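The values are calculated or read from the model by the stated rules, or taken from the named source; none is laboratory data. All values derive from a computational prediction rather than experimental measurement. We place every Cβ from the backbone using ideal geometry, glycine too, and count neighbours over all the protein chains shown. Side chains included, ligands, DNA and RNA excluded: accessible areas come from the protein's heavy atoms. Shrake-Rupley method; radii C 1.70, N 1.55, O 1.52, S 1.80 Å.
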Amino acid sequence: MGVKLGILGLGTVGTGTVQLLQDKTGRHPLLQEIEIYRVGVRSLDKPRAVELSTDVVTTDLEAIVNDPTVDIIVEVMGGLEPARSLILKALSNGKHVVTANKAVIARFGAEIFTTANQASVYVMLEAAVGGGIPVIQPLKQSLSVNRIQAVTGIVNGTTNYILTRMQTEGSNFSDVLADAQHLGYAEADPTADVDGLDAADKIAILASLGFGGRINLKDVYTEGIRQVSKTDIAYAEKLGFVIKLLAIAKRITSSEEDGGTQGYGDAGKFYLSPLSVRVHPTLVPKAHPLASINGVYNAILVEGEPIGQVMFFGPGAGAGATASAVTSDILNLAASLKSQKVSTENQSKIGSLNPLLACGHHEYSQIVPMTELITRFYARFLTNDQPGVIGKLGTCFGNYGVSLESIVQTGFQGELAEIVVVTHDVREGNFRQALAEIESLESVESIPSLLRVL
Ligand code: NAP
Ligand code: HSE
């Protein structure tokens with residue numbers, strides 16, 4: 001056997017990967033050269049869906065990453081620690097790493113990729129974003145000659161499933177969440193998904209690849225879907241929109257930038273213009289390509305010059321789909337190891353990294369604060385039902401240069417009138433100033449919803 005794997009984790013993704021590697025007929029012939037050498041787990045007593053000999057499965061994960069026989073570490077255990085330390089140790093020991101762990105990459109990517117580059121090894125992460133959807137390699141290779149303008153994704157299956165059911169059934173968030181947990185779509189602790197944290201990890205990774213600079217996760221504005229109500233979904237529908245949790249990374253053009261700095265990276269290679277990187281529920285026009293992505297599916301729309309729009313669509317999670325992405329990374333590394341062996345036998349590996357597979361980012365991208373964002377807004381107001389209220393709202397908006405695309409009063413909540421507003425493009429800071437003034441009006445009871453519009 002040519003290439004020996006040390007797999008850390010035998011849960012959903014680990015099991016799917018082992019199953020794929022144990023069933024090689026009809027797949028790429030290079031898979032024949034890949035051996036499942038060690039598999040690390042927490043418990044040896046758990047029943048497993050795959051057969052592995054007892055000398056392969058171990059609870060000593062340190063021993064796997066320190067074993068000189070192992071060529072590639074496949075980290076599919078999840079969590080931050082010990083995953084981070086094991087990845088770093090494996091890299092320092094000169095092993096390539098394949099990981100599905102977006103949480104670790106989004107937080108510790110700088111440390112991990114620096115260590116990998118120093119050791120002249122690769123970190124591959126196709127499964128970390130979009131599950132089975134090939135989007136990492138396309139951004140690194142096939143699309144890399146484009147000037148990327150925006151990467152916009154539905155990258156969390158759990159929230160897309162919940163929003164889709166709220167839309168089709170007219171149900172409440174909490175009812176659908178409970179049902180999704182019962183059916184096994186949403187985890188017992190759904191925080192990372194429903195609060196947008198999982199999507200934030202993923203867009204930080206995509207933004208880094210698309211725009212050529214590191215992303216500080218704490219600069220990524222993150223808002224989940226807990227506050228999305230069936231009332232807003234119904235209003236959005238009437239106005240020609242669906243509500244989706246979007247993860248957006250967008251290059252800010254100089255007209256939007258409002259004084260931000262621009263420049264070149266150290267290597268003189270990448271144009272690091274400021275970015276907007278954010279996750280929030282968004283009203284998406286029904287005709288937009290992302291509007292029809294429903295259920296647990298994911299999709300990522302990449303816009304660049306000269307290519308225009310390219311959309312990647314598919315299963316964003318699940319054993320088989322994610323195993324497809326993990327194993328494609330393993331195959332890439334196996335191919336690389338094979339050609340390296342032929343061409344550089346007995347030579348130092350230093351400096352031999354393929355720049356299309358390795359990470360070449362050293363600078364951090366500048367992320368523009370949300371107050372500077374130019375976007376459309378949807379807002380819902382509960383007001384007293386009396387003459388002149390709409391006029392007062394209009395005056396407050398006008399005071400801050402907020403131009404309205406539509407304003408409708410269609411319903412009542414008890415005694416209170418419900419007024420829904422959609423703006424034209426506006427600077428978020430101006431919009432929020434107008435809202436603060438509106439909140440202070442006596443005739444305005446509350447502003448239950450505020451959502452951005454694509
Ligand atoms: P999982 O089902 O919870 O499996 C985790 C595996 O890692 C288990 O086999 C567990 O061992 C092992 N493990 C965890 N901590 C360990 C420790 N401290 N020491 C030893 N073994 C440990 O997780 P998963 O769903 O496969 O997810 C794995 C990774 O893939 C995560 O980073 C996740 O974000 C990512 N991912 C998952 C999906 C998906 O569809 N599930 C999709 C894309 C990406 P035991 O079995 O003995 O408990
Ligand atoms: N929890 C994630 C989702 C799994 O719902 O999309 C894949 O990363």
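Solvent-accessible area per residue for the chain at a 1.4 Å probe radius, Å²?
For the chain, the per-residue accessible area is 43 Å².
A simple rule links phi to the HN-Hα coupling: the Karplus curve 6.51 cos²θ - 1.76 cosθ + 1.60 with θ = phi - 60°, which for segment 204-219 gives 4, 5, 5, 5, 4, 6, x, 10, x, x, 5, 10, 7, 4, 6, 7 Hz, with x for Gly and Pro. 3J(HN,Hα) couplings calculated from phi for segment 103-111 with the Karplus curve 6.51 cos²θ - 1.76 cosθ + 1.60 (θ = phi - 60°) are, in sequence order, 5, 5, 5, 5, 8, 10, x, 4, 5 Hz; Gly and Pro show x.
Within the accessible area of segment 373-453, what % is carbon and sulfur when the probe is 1.4 Å and the other protein chains stay in place?
Here it works out to 46 percent.
Distant-in-sequence amide contacts of GLN149, defined by a placed amide H-H separation under 5 Å and a gap of 5 or more residues or a different chain, comprise GLU303, GLY304, GLU305. Simple spin-label estimate for ASN172 and GLN118 gives 5.3 nm between the two label positions (7 Å along the Cα-to-Cβ direction from each Cα).
Pairs of Cα atoms in the chain fall into 20 Å distance bins, from 0 up to the last occupied one, in shares of 24, 51, 22, 4, 0 percent. Axis angle, to the nearest 10 degrees, between helix 428-439 and the longest C-alpha principal axis of the chain: 40 degrees. With R₀ fixed at 25 Å, the C-beta to C-beta distance from GLN19 to ASN93 puts the FRET efficiency at about 0.35. The long axis of helix 230-239 is offset from the longest Cα principal axis of the chain by roughly 80 degrees. A dipole drawn for the chain from +1 and -1 charges on Cβ atoms has a positive end, and of HIS424, SER443, ILE34 the residue lying farthest that way is ILE34.
In this simple spin-label approximation, LYS4 and SER85 carry label points 7 Å from Cα along the Cα→Cβ vector, and these lie 2.4 nm apart.
Our helix-only sum for the chain, with -39,500 (n - 2.57) per DSSP H run of n ≥ 4 divided by its residues, gives a mean residue ellipticity at 222 nm of -10000 deg cm²/dmol. You can think of it this way: the chain between ILE407 and SER440 has 9.9 nm of extra reach, that is 0.36 nm per residue less the Cα-Cα gap. Only one residue of GLY157, ALA180, LEU357 has its Cα farthest out toward the positive end of the dipole of the chain, where Lys and Arg carry +1 and Asp and Glu -1 on Cβ, and that residue is LEU357.
Charges were assigned to the Cβ only: +1 to each Lys and Arg, -1 to each Asp and Glu. The resulting dipole of segment 136-315 about its Cα centre is roughly 460 debye. Charges were assigned to the Cβ only: +1 to each Lys and Arg, -1 to each Asp and Glu. The resulting dipole of the chain about its Cα centre is roughly 1100 debye. Relative to the current alpha-carbon distance between ALA287 and LYS238, full extension at 0.36 nm per residue lengthens the span by 16.3 nm. Couplings 3J(HN,Hα) of segment 370-387, computed from phi: 4, 4, 8, 5, 9, 7, 8, 10, 10, 9, 10, 10, 10, 9, 5, 8, 9, x Hz, in residue order, whole Hz [Karplus 6.51 cos²θ - 1.76 cosθ + 1.60, θ = phi - 60°; x for Gly and Pro].
Please determine, in degrees from 0 to 90 and to the nearest 10, the orientation of helix 319-344 with respect to the longest principal axis defined by the Cα atoms of the chain, where the helix direction is its Cα long axis. Around 50 degrees separate the two axes. Please compute the length gained on full extension between LEU416 and LEU454, using 0.36 nm multiplied by the number of residues separating them and subtracting their Cα-Cα distance. Working it through step by step, the gained length comes to 10.8 nm.
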